[in-house]
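The values are calculated or read from the model by the stated rules, or taken from the named source; none is laboratory data. Remember, predicted model here, so these are calculated numbers, not experimental data. As a convention, Cβ positions derive from the backbone with ideal geometry for all residues, glycine included, and neighbour counts pool all protein chains shown. These accessible areas exclude ligands, DNA and RNA; they are computed on the full protein's heavy atoms, side chains included. Shrake-Rupley method; radii C 1.70, N 1.55, O 1.52, S 1.80 Å.
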Amino acid sequence: MERLDGGSALPPHLFGGIVALGNFDGFHLGHQAVVGRAIAAARAAGRPAIVATFDPHPVRLFRPDAPPFRLTTLDQRERLFGAAGADAMMVFHFDAALAALTAEEFVARLVAMAQVGGVVTGEDFTFGKAKAGNVAVLIELGRRHGFTVETVGPVSLDGRTVSSSRIRDMLATGKPREAARLLTRPWAIEGVVTHGAKLGRTIGFPTANIDLGNYLRPAYGIYAVRGRLPDGQLLDGAANLGIRPSFDPPVELLEPYFFDFSGDLYGQCIGVELVDYLRPEAKFDTLKALTTQMDADCARARQLLAAA
């Protein structure tokens, strides 16, 4: 799996590939259908399979004050695309210059860089300045430039279209299990473990502090979680995600406590999967009340994770 800059020509061995074109933040069932079709077409034609994505998300350019909404980082997407069978990920840096390209100019750049043999995208895909390009425009440009265009329709689950916005709504309302069904995996936050006030270890619950960065803010509260270390080790735990109302000053963090683990995680980039939502954050008047509740939370998290 190769990671490529969408502003430079691809290496020759990737010329003529079938390109899945879209943002693919989240890489949910609908995105998987598009990418899967591109990979299948590439394998059938003996061509490379390439996933083209955009970073940052276009919304960040047009609405810079929008609250954080990201579902996946580029590193996460790269692994997900690779696991799906793609040969390369091509990343277009979405800035004012890219946004100013007309639909025809964008396609001309794609052809010049990759000499594409085909493009697969969703039926509702739009591109180019002011979103003037749509699937009909893409098909016509493909005819002119000599590449095929295939579209994939929406994917539905429980009678509703699977979408990133639907997943964001589920996470924001404390429904990580429902979101996982649309993602086909638990939603995960990745980050480097940093030093904090070390309050958790003073009450018997040492936590790994992770900044939420540009990720979507899910419902604040206590979660049953599963941690994934760089060496692949999986750890069960419980986490506080929010501002820790029992402590001053309030600091927004993801703080997983991993059961039966005593290793040093500082400086390591770990993934934390939100498996179940246990309860909202709460402020406790005494440390004893807090630790009693944390014991109950951990017991409940162990039960849920054992059944997951």
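Do we find a residue being among the polar types (S, T, N, Q) and either at positive phi or in contact with a strand residue (DSSP E or B) (Cβ under 7 Å, 6 or more places away or on another chain) (or both) anywhere in the range 99-108? Looking through the range 99-108, none of the residues is among the polar types (S, T, N, Q) and either at positive phi or in contact with a strand residue (DSSP E or B) (Cβ under 7 Å, 6 or more places away or on another chain) (or both).
Within the range 259-278, how many residues turn out to be within 28 Å of the chain's Cα centre (by Cα), farther than 30 Å from residue 74 by Cβ and either open to solvent by 40 Å² or more (accessible area, probe 1.4 Å) or without any contact (Cβ under 8 Å) to a residue 12 or more places away in the chain (or both)? Write out each step before concluding.
Step one: filter the range 259-278 for residues within 28 Å of the chain's Cα centre (by Cα), giving 259, 261, 263-278.
Cutting the leftovers down to farther than 30 Å from residue 74 by Cβ gives us 259, 278.
Applying the additional criterion that residues be either open to solvent by 40 Å² or more (accessible area, probe 1.4 Å) or without any contact (Cβ under 8 Å) to a residue 12 or more places away in the chain (or both) yields 278.
Summing the residues that are within 28 Å of the chain's Cα centre (by Cα), farther than 30 Å from residue 74 by Cβ and either open to solvent by 40 Å² or more (accessible area, probe 1.4 Å) or without any contact (Cβ under 8 Å) to a residue 12 or more places away in the chain (or both) in the range 259-278 gives 1.
Answer yes if at least one residue in the range 31-45 is more than 30 Å from residue 159 (Cβ to Cβ) and in a loop (DSSP other than H, G, I, E, B), and no otherwise. No: the range 31-45 contains no residue that is more than 30 Å from residue 159 (Cβ to Cβ) and in a loop (DSSP other than H, G, I, E, B). Looking only at the range 139-183, residues that are in contact (Cβ under 8 Å) with a residue 24 or more places away in the chain, within 30 Å of residue 242 (Cβ to Cβ) and in a loop (DSSP other than H, G, I, E, B) come to 5 in all.
Inspect the range 39-46 for any residue being closer than 25 Å to residue 232 by Cβ and touching a Gly at 6+ places or on another chain (Cβ under 6 Å) and give the result as yes or no. Reasoning before the result, please.
First, the residues of the range 39-46 that are closer than 25 Å to residue 232 by Cβ: 39.
Narrowing the set further to residues that are touching a Gly at 6+ places or on another chain (Cβ under 6 Å) leaves 39.
Yes.
Every condition in (1) under 30 Å from residue 57 (Cβ atoms); (2) modelled with pLDDT of 95 or more is met by residue 236 except one, and the failing one is (1). Collect the residues in the range 187-213 that are modelled with pLDDT under 95, open to solvent by 50 Å² or more (accessible area, probe 1.4 Å) and among the hydrophobic types (A, V, I, L, M, F, W, C), keeping them in residue-number order. Within the range 187-213, 197, 199 meet the criteria.
What do you reckon, is residue 274 closer than 28 Å to residue 232 by Cα and of a type outside the set (Phe, Trp, Tyr)? So residue 274 passes the test.
Counting only residues that are part of a loop (DSSP other than H, G, I, E, B), surrounded by fewer than 24 Cβ atoms within 10 Å (Cβ to Cβ) and more than 22 Å from the chain's Cα centre (by Cα), the range 1-25 holds 7 of them. Within the range 1-42, the residues that satisfy the criterion of being free of Cβ contacts under 8 Å to residues at least 12 places away in the same chain and either over 23 Å from residue 98 (Cβ atoms) or among the small types (Gly, Ala, Ser) (or both) are 12, 40. Can you confirm whether the range 26-41 contains a residue that is closer than 18 Å to residue 109 by Cα and open to solvent by less than 40 Å² (accessible area, probe 1.4 Å)? Within the range 26-41 (the criterion being closer than 18 Å to residue 109 by Cα and open to solvent by less than 40 Å² (accessible area, probe 1.4 Å)), the answer is no, since none of the residues qualifies.
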